[in-house]
1. Filter region 4-26 down to the residues that are aliphatic (A, V, I, L, M) and surrounded by 13 or more Cβ atoms within 10 Å (Cβ to Cβ), then identify the one that is nearest to residue 60 (Cα to Cα).
2. Please give the number of the condition residue 86 fails out of (1) among the polar types (S, T, N, Q); (2) surrounded by 12 or more Cβ atoms within 10 Å (Cβ to Cβ); (3) modelled with pLDDT under 75.
3. Need the failing condition index for residue 40 against (1) in a helix (DSSP H, G or I); (2) modelled with pLDDT of 85 or more, just the number.
4. Take the residues of region 43-53 that are closer than 28 Å to residue 74 by Cβ and modelled with pLDDT under 75: which is surrounded by the most Cβ atoms within 10 Å (Cβ to Cβ)?
5. On the given criteria, is residue 29 under 17 Å from the mean Cα position of the chain (by Cα), modelled with pLDDT under 75 and surrounded by 15 or more Cβ atoms within 10 Å (Cβ to Cβ)?
Amino acid sequence: MNPATTGPMVREAQRHLAQLILRPIAGQMAEDASEKLGGPVQIDVVRPMQAFDAGGKARALATMVAALPPISALLSEVLDNKRALSPSRP
């Protein structure tokens with residue numbers, strides 16, 4: 001990245017990353033979770049970024065990106081436990 005890159009350019013890049021890349025991934029995860037858990041699930045990766053200043057947005061984005069795999073693993077574990085506790089159907 002160019003060292004002369006300014007804060008507004010970084011914020012715009014973060015916004016595009018969240019809207020064009022992370023939102024569809026989170027949407028698929030939410031749809032899958034809703035289907036498997038039997039209730040509505042929403043994962044919003046854009047709104048949390050709006051609550052922070054430029055430096056905070058970078059940290060918030062890094063936290064959200066880092067949290068996606070553990071959330072997926074946790075969801076898998078919850079679903080496995082739910083299946084294990086459910087009575088088997090003939």
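The values are calculated or read from the model by the stated rules, or taken from the named source; none is laboratory data. Here the structure is a predicted model, which means the values were calculated and not measured. A quick note on method: Cβ atoms are made from the backbone with ideal geometry, for glycine too, and the neighbour counts reach across all protein chains shown.
1. Ranking the qualifying residues of region 4-26, first place goes to 18.
2. Against the list (1) among the polar types (S, T, N, Q); (2) surrounded by 12 or more Cβ atoms within 10 Å (Cβ to Cβ); (3) modelled with pLDDT under 75, residue 86 comes up short only on (2).
3. The single condition residue 40 does not satisfy is (1).
4. 49
5. It is false that residue 29 is under 17 Å from the mean Cα position of the chain (by Cα), modelled with pLDDT under 75 and surrounded by 15 or more Cβ atoms within 10 Å (Cβ to Cβ).
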